Amino acid sequence: MAVTDDAIAAIRSMIMSGELKPGDRLPPEAQLSERLGLSRNSLREAVKALALLRVLDVRQGDGTFVTSLAPNTLVETLSFVIDLHQDSSIVDLLGVRRILEAEATHMAATRLGPKQIAQLAVLAESVNSQSSVEELVEADMEFHRTINAASGNAYLAATLEGLSGATSRARIWRGVTEDGAIDRTLAEHRAIVSALRMGRADLARSWATVHVSGVEMWVSSQLGKDQI
């Protein structure tokens, strides 16, 4: 693994220095291995690893390319890791989402214009207590996706997208089994929109915290954990 790690570090250095830019094709394997002083086998393993991380894109018969390195592409690997652990650490994941979601909402409060806030209001009213839990969760994800995108931090928005998807099952579970969960969710969405409309970044952050904390506390109680 040490030799493969050296190969990974060498390719990473080429990207970080700007020698290889997003969309660039890597030199042929034989040429690159000779230049780096590494075996073709170790280089091949490094390429496989970086492809899994979505840093490189191996196109059969065409070569190996640097991906766009866009935040949503790179953070996809986080979703994979989360999927492996969500049953055993769902409360911890919700805790992370609570912290990041609140800050993203606070950041977005100064960036959202009247038109965007109006769109959020429409989203908040697009479902009601008669809607299915699946419809509610989808509307909830779109609501927060819109706010997070307005935070101005693409990596934060992409990370939250992964966390949101990974915790959607817990929200569906809560909506099906807890009385009043849907009405509370809708009320919290309206409160967030109201705070954003008033330009109250601090209040919007507080409501976002309350919103995610409700699911976090409910899941914790269902799992018999005393973590909150």
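The values are calculated or read from the model by the stated rules, or taken from the named source; none is laboratory data. Keep in mind the model is a prediction, meaning the values are calculated, not measured. So basically every Cβ, Gly included, is an ideal-geometry build from the backbone, and we count neighbours across all protein chains shown. We work out accessible area using only protein heavy atoms, side chains counted, and drop any ligands, DNA or RNA first. Shrake-Rupley method; radii C 1.70, N 1.55, O 1.52, S 1.80 Å.
If I filter the range 24-34 for residues that are open to solvent by 30 Å² or more (accessible area, probe 1.4 Å) and touching a Gly at 6+ places or on another chain (Cβ under 7 Å), do I get at least one hit? Walk me through how you get there before you give the answer.
Of the residues in the range 24-34, the ones open to solvent by 30 Å² or more (accessible area, probe 1.4 Å) are 24-25, 27-31, 34.
From what is left, the residues that are touching a Gly at 6+ places or on another chain (Cβ under 7 Å) are 25.
Yes, because at least one residue in the range 24-34 is open to solvent by 30 Å² or more (accessible area, probe 1.4 Å) and touching a Gly at 6+ places or on another chain (Cβ under 7 Å).
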Checklist line | the range 97-151 - residue that is among the polar types (S, T, N, Q) and open to solvent by less than 20 Å² (accessible area, probe 1.4 Å) and, of those, nearest to ALA187 (Cα to Cα) | finding: THR105
Margin query: Go through (1) within 22 Å of THR73 (Cα to Cα); (2) hydroxyl-bearing (Ser, Thr, Tyr); (3) part of a helix (DSSP H, G or I) for THR105 and report which single condition fails.
Written below: (1)
Item checked: Qualifying positions in the range 10-35 - modelled with pLDDT of 90 or more and of a type in the set (A, V, I, L, M) -> ALA10, ILE11, MET14, ILE15, LEU20, LEU26, ALA30, LEU32
Check: Conditions: (1) modelled with pLDDT under 85; (2) more than 24 Å from GLN222 (Cβ to Cβ); (3) aliphatic (A, V, I, L, M). ALA118 meets all but one. Number of the miss?
Finding: (1)
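Taking the options LEU136, LEU160, LEU112, name whichever one is under 23 Å from LEU100 (Cβ atoms), of a type in the set (A, V, I, L, M) and outside any helix (DSSP H, G or I).
On the way: LEU136 fails: outside any helix (DSSP H, G or I); LEU160 fails: outside any helix (DSSP H, G or I).
Criteria check complete, one pass: LEU112.
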Item checked: Matching residues, the range 98-127, being free of Cβ contacts under 8 Å to residues at least 60 places away in the same chain and in contact with an Asp or Glu (Cβ under 9 Å, 6 or more places away or on another chain) -> SER126, VAL127
Next item on the list: Working only within the range 152-174, note down all residues that are in contact with a Leu (Cβ under 9 Å, 6 or more places away or on another chain), surrounded by 20 or more Cβ atoms within 10 Å (Cβ to Cβ) and at pLDDT below 80.
Entry: ALA166, THR167, ALA170, ARG171
Next item on the list: List every residue pair whose Cβ atoms lie under 9 Å apart, where the two residues are 6 or more positions apart in sequence or sit on different chains, the first residue falls within the range 14-40 and is over 23 Å from ALA2 (Cβ atoms) and of a type in the set (Gly, Ala, Ser), and the second residue, located anywhere, is part of a loop (DSSP other than H, G, I, E, B) and open to solvent by less than 50 Å² (accessible area, probe 1.4 Å).
Entry: GLY23/THR67
